[in-house]
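The structure under discussion appears below in the form of structure tokens.
A short reminder: the numbers here are calculations on the coordinates, not readings from a lab. The model shown is predicted, which means the values in this text are computed figures rather than measured ones. Glycine gets a Cβ as well: all are built from the backbone with ideal geometry, and neighbour counts include every protein chain shown.
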Amino acid sequence: MKRFLGKFRTRLSWLLLILAILIWLRSRIITDEFILGRNGYASDGTLIRRLVTVRASGNYLQISFGHISSLLFNAVSPTEEGFYHLTHVPGNADMSLWVIWSLWGFSYSRIQNPMLMARIFTVPIWSLALAFAILPAVGLAKRLRHSRRLSSNLCPTCGYDMRATPERCPECGTAAALRVTANGQ
């Protein structure tokens with residue numbers, strides 16, 4: 001079971017790495033925005049739309065949470081509540097007025113006024129690709145080390161030199177792996 005979970009995590013990481021690279025490349029050409037909006041009421045009884053937005057644009061992934069006043073429904077969000085996917089040409093919105101924290105492309109912004117409230121987390125897409133590349137890199141390093149040990153008469157478990165005792169490792173007791181030669185024997 002542990003081996004299955006390890007392989008599953010590595011394969012999932014490979015998939016997420018490929019997805020992050022594709023999103024990174026696509027975000028340079030086009031903006032993808034996924035919006036989930038639900039109508040509700042503020043504490044003072046006014047109609048608002050709560051929004052969760054994921055936006056990939058210009059090498060950045062922005063995740064925002066917030067709500068807008070019903071006066072802005074037609075201007076800011078889709079006309080109906082629900083889930084939407086919008087695409088458009090990347091734009092350069094100046095968010096510097098609302099940035100609270102920023103470092104190496106990561107940032108946290110907050111907009112708060114009577115008409116609009118939002119918390120925006122910005123992450124460079126390259127950082128996601130780098131994070132998702134860790135497990136595949138570790139798995140690749142393990143495979144290379146294991147294949148090197150098998151090809152140079154080293155124990156596949158502990159790396160002990162098995163030239164003197166080719167049938168069993170004297171260090172850890174692991175039986176030698178059966179080698180299949182080119183002619184099948």
Rg over Rh, two decimals, the range 1-93 (C-alpha only, Kirkwood Rh): 1.14
DSSP loop trypsin sites (Lys or Arg not before Pro) with at most 10 other Cβ within 10 Å excluded, longest remaining stretch of the chain: 1-162
Stokes-Einstein D (µm²/s) once Rh is taken as the Kirkwood radius of the chain over alpha-carbon pairs, at 37 °C in 0.692 mPa s: 156
On Cα atoms only, tilt of 2-27 relative to the major axis of the chain in degrees: 50
Least to most buried among HIS88, HIS146, HIS67 (fewest other Cβ within 10 Å first): HIS88, HIS146, HIS67
Net lengthening on full extension, ALA176/PHE4 (0.36 nm per residue, minus Cα-Cα): 59.5 nm
Order of TRP126, TRP24 - criterion: other Cβ atoms within 10 Å of each residue's Cβ, fewest first: TRP126, TRP24
Virtual spin-label span in nm between LEU71 and VAL123, 7 Å along Cα→Cβ: 3.5
Residue-span extension gain [ILE30 to VAL89] - 0.36 nm each, minus C-alpha spacing: 20.7 nm
Electrostatic dipole magnitude of the range 2-128 [Cβ: Lys, Arg +1; Asp, Glu -1; Cα centre; debye, to 20]: 860
Residue order, fewest to most beta carbons within 10 Å, for ILE68, ILE111: ILE111, ILE68
Amide H within-cut-off set for ALA176, under 5 Å, with H built and near neighbours excluded: ARG168, CYS169
GNM flexibility winner over the chain from ASP44, ASP32, ASP161 (Cα, springs under 10 Å): ASP44
Rounded tilt (10° steps) of 125-151 against the dominant C-alpha axis of the chain: 10
